[in-house]
Every structure is written in structure tokens, then in C-alpha cells.
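Read the structure below first, then the notes.
The values are calculated or read from the model by the stated rules, or taken from the named source; none is laboratory data. Computed from a predicted model, the values in this text were never measured in an experiment. For accessibility, only protein heavy atoms count, side chains too; no ligands or nucleic acids. Shrake-Rupley method; radii C 1.70, N 1.55, O 1.52, S 1.80 Å.
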Amino acid sequence: MRIRVIRDKCQGHARCWAQSPALFELDDEGYILPADIVVPVEQERAAWLGAKSCPERALVIEQDGKE
Ligand code: SF4
């Protein structure tokens with residue numbers, strides 16, 4: 001699983017970070033870092049919850065290259 005980060009949509013709510021600070025790293029102003037996220041299998045649930053918690057839909061889940 002990967003999470004594609006659409007940085008331009010991020011409004012700095014930090015809801016993703018609240019689900020998993022290790023996966024969803026924020027900058028000093030609370031916006032997500034721009035790089036896409038490769039999710040280890042054991043963190044897929046936290047990644048899914050974090051992506052779904054984003055009110056701006058800035059985090060797109062991809063499985064095997066598909067959304
Ligand atoms: S929840 Fe969405 S808007 Fe908030 S910091 Fe994370 S990616 Fe950005």
C-alpha cells in the first residue's frame with residue numbers, strides 16, 4: 001500500500017497525524033510533508049484510518065498502483 005499525498009490540498013488539520021504520527025509526518029506549521037508514503041503491511045490499518053480522516057481528501061490510498 002502507498003498513500004499519495006496531494007500537498008496542495010492539505011490545510012494542516014493534523015487529523016492524519018493523530019491516527020499515526022509515525023506514518024504521517026508534518027512540517028513545523030502542521031502541514032503534511034509532500035512525499036508519498038510507502039506503508040508497511042503492519043501499519044496498513046493506521047494508514048487507512050489516517051487517510052480517511054483527512055477532511056480535505058489530500059491522502060489517496062493506492063493498492064498495487066490503483067486507487
Ligand atoms: S488530515 Fe489532511 S489536511 Fe490535515 S494535515 Fe493531514 S493531510 Fe493535511
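Heavy-atom accessible surface of the chain, averaged per residue, reaches 67 Å², computed with a 1.4 Å probe.
Kirkwood radius, the stretch 1-63, all distinct C-alpha pairs, inverse of mean reciprocal distance: 11.2 Å. Here Val38 sits with roughly 100 square angstrom of accessible surface, probe radius 1.4 Å. Once the Cα atoms are used to define both axes, helix 44-53 deviates from the longest principal axis of the chain by about 40 degrees. Surface composition of the chain: carbon plus sulfur atoms contribute 47% of the solvent-accessible area (1.4 Å probe, protein chains only, all chains present).
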